[in-house]
Amino acid sequence: MIYKCTYFAAACGGTKKNGMGENMRIAILAGVSALVLGGAVLGYVATQAGPRECQAVIHVTEADVDVWVDGLKYRIDSWKAAPIVCPLRPGQHALRMSRGSRLLYEESFNLRGGEEVVLTVWDSARHGRTGG
């Protein structure tokens with residue numbers, strides 16, 4: 001058994017005195033580095049897994065208005081209209097409501113991957129509150 005260990009140390013660039021040679025140290029360091037890198041890649045993949053598309057559901061409390069979500073216009077003729085359902089990408093978004101040239105409501109919101117948000121827009125001047 002001692003002969004095998006001595007032979008192994010000599011094959012890796014060592015001697016009977018120091019046991020492990022430089023080549024063995026490099027091999028161990030390379031193995032540990034590969035494990036750390038593999039763990040980092042796996043961690044990144046895990047954070048990116050799952051649904052990426054987001055959704056905003058927007059309830060409108062006013063009639064005869066235009067609602068804008070990131071520059072896309074939705075015309076609302078009645079406050080009884082169904083909510084606006086917008087598929088969106090993760091990130092920052094802008095929500096505005098106007099009647100003619102008058103801005104009634106403005107809000108920005110941020111979505112993470114797979115997140116859904118429910119928002120309500122109203123005439124902030126008439127109700128004395130502001131959004132976002």
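The values are calculated or read from the model by the stated rules, or taken from the named source; none is laboratory data. Just so we're clear, the structure is a prediction, and the values are computed from it rather than from any experiment. Don't worry about glycine lacking a Cβ; one is built from the backbone with ideal geometry, like all the others, and counts go over all protein chains shown.
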What number of residues within segment 118-127 satisfy the criterion of being within 11 Å of H59 (Cα to Cα) and either of a type outside the set (F, W, Y) or touching a Leu at 6+ places or on another chain (Cβ under 6 Å) (or both)? 4
Out of A46, A27, which single residue is surrounded by 11 or more Cβ atoms within 10 Å (Cβ to Cβ), modelled with pLDDT under 95 and outside any strand (DSSP E or B)? A27
Would you please list the contacts, defined by Cβ atoms under 8 Å and residues six or more apart or on different chains, that run from a residue in segment 72-90 that is at positive phi to a residue that is part of a loop (DSSP other than H, G, I, E, B)? none
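Residue-wise test of (1) in a loop (DSSP other than H, G, I, E, B); (2) surrounded by fewer than 17 Cβ atoms within 10 Å (Cβ to Cβ); (3) over 23 Å from the mean Cα position of the chain (by Cα).
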residue	(1), (2), (3)
Q55	no, yes, no
H59	no, yes, yes
K73	no, yes, yes
K80	yes, yes, yes
C86	no, no, no
A94	no, yes, no
S98	no, yes, yes
E106	no, yes, yes
N110	no, yes, no
